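S.K.: Sharing a structure with you now.
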Amino acid sequence: MKRILVATLALSLLATTAFAAGQADRNTGCGLGSLLWEGKADGSVISQSLQATTNGTFGNQTFGITSGTLGCEQPANIIKNDRALAFTRDNLDPLARDIAAGGGETLETLAELLEVPAAERANLYSRLQSNFEQIFVTGQESSADVIDSIITIAG
């Protein structure tokens, strides 16, 4: 009976640790801090704070995203504007709301950063709204995935 209890406890601990590591990845994103603290982080607030602080101090997430290094995903469609990538990363939730609504300040700003001509924006917003499920499939998409989908739909 004790063996079953110990095995159950060990499995629960492993599952919790794996969940915490996955949570840390979502909270801190990619970058030098996430790479340096990878494997050393236990998913606690302290380790996630160290990762986020290191990422923020060195400001290398944009470089990681555009180069596909530092644990970041490089968008398949390379765009020349790093600010659009950073904007998407920093405004993913408001951008999702604006795409679902078919317009809004966040979507307008992204269109400006992507240098979409003003005359074509209403059509773009409509196409993004009608393809919302292709952009946000699971709700866990990275900013690189979202910008790739937007560029593909924008054609």
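S.K.: Per residue of the stretch 56-67, what does 6.51 cos²θ - 1.76 cosθ + 1.60 with θ = phi - 60° give for ³J(HN,Hα)? Whole Hz please, x for Gly and Pro, Karplus curve as stated.
M.R.: Result, rounded to whole Hz: x, 5, 8, x, 10, 5, 4, 4, x, 5, 6, 9.
S.K.: Per residue, how much space in cubic angstrom lies within the convex hull of the C-alpha atoms of the stretch 100-155? Before the final figure, lay out the partial values.
M.R.: Numbers: hull volume 4.3 nm³, N = 56.
Taking only Cα atoms, the stretch 100-155 has a hull volume of 76 Å³ per residue.
S.K.: Between L36 and R97, what is the label-point separation in nm under the 7 Å Cα-to-beta-carbon projection?
M.R.: In this crude spin-label approximation the distance works out to 3.4 nm.
S.K.: Tell me, in nm to one decimal, what length is gained between F58 and D82 on full extension, where the rule is 0.36 nm per residue of separation less the Cα-Cα distance? Before the final figure, lay out the partial values.
M.R.: Numbers: separation 24, 0.36 × 24 = 8.64 nm, distance 1.62 nm.
Stretched fully, the F58-D82 segment lengthens by 7.0 nm.
S.K.: If you count only protein heavy atoms with a 1.4 Å probe, what accessible area per residue comes out for the stretch 39-123, rounded to a whole Å²? Show your work: numbers first, answer last.
M.R.: Working: 4850 Å² over 85 residues.
On a per-residue basis, 57 Å².
S.K.: To continue, here is another question. Under the definition of Cα pairs under 8 Å and six or more residues apart, what whole-number percent is the relative contact order of the stretch 98-155?
M.R.: Details: 33 pairs, mean separation 20.0, N = 58.
Once divided by the residue count of the stretch 98-155, the mean separation gives 35 percent.
S.K.: Okay, next question. With a Förster radius of 41 Å, plug the Cβ-Cβ distance of E133 and T69 into 1/(1 + (r/R0)^6) and report the FRET value to the nearest 0.05. Each step should come with its number before you reach the end.
M.R.: Working: r = 31 Å, r/R0 = 0.75.
Here the calculated transfer efficiency is 0.85.
S.K.: Under a 5 Å amide H to amide H cut-off, with H placed in plane at 1.01 Å, what residues pair with N60 once short-range neighbours are removed?
M.R.: Under 5 Å from the amide H of N60: L32.
S.K.: Still on this structure, I have one more. Can you give me the % of accessible surface on the stretch 62-155 that is carbon or sulfur? Probe 1.4 Å, all protein chains present, nothing else counted. Display every interim value, and only then the final one.
M.R.: Working: 2430 of 5050 Å².
Of the solvent-accessible surface of the stretch 62-155, carbon and sulfur hold 48 percent.
The values are calculated or read from the model by the stated rules, or taken from the named source; none is laboratory data. Only a predicted model underlies this, so the values are computations on that prediction, with no experimental measurement involved. Virtual Cβ from ideal backbone geometry, glycine too; neighbours counted across all protein chains shown. When the accessible area is computed, the model is the full protein with side chains, heavy atoms only, and any ligands, DNA or RNA have been set aside. Shrake-Rupley method; radii C 1.70, N 1.55, O 1.52, S 1.80 Å.
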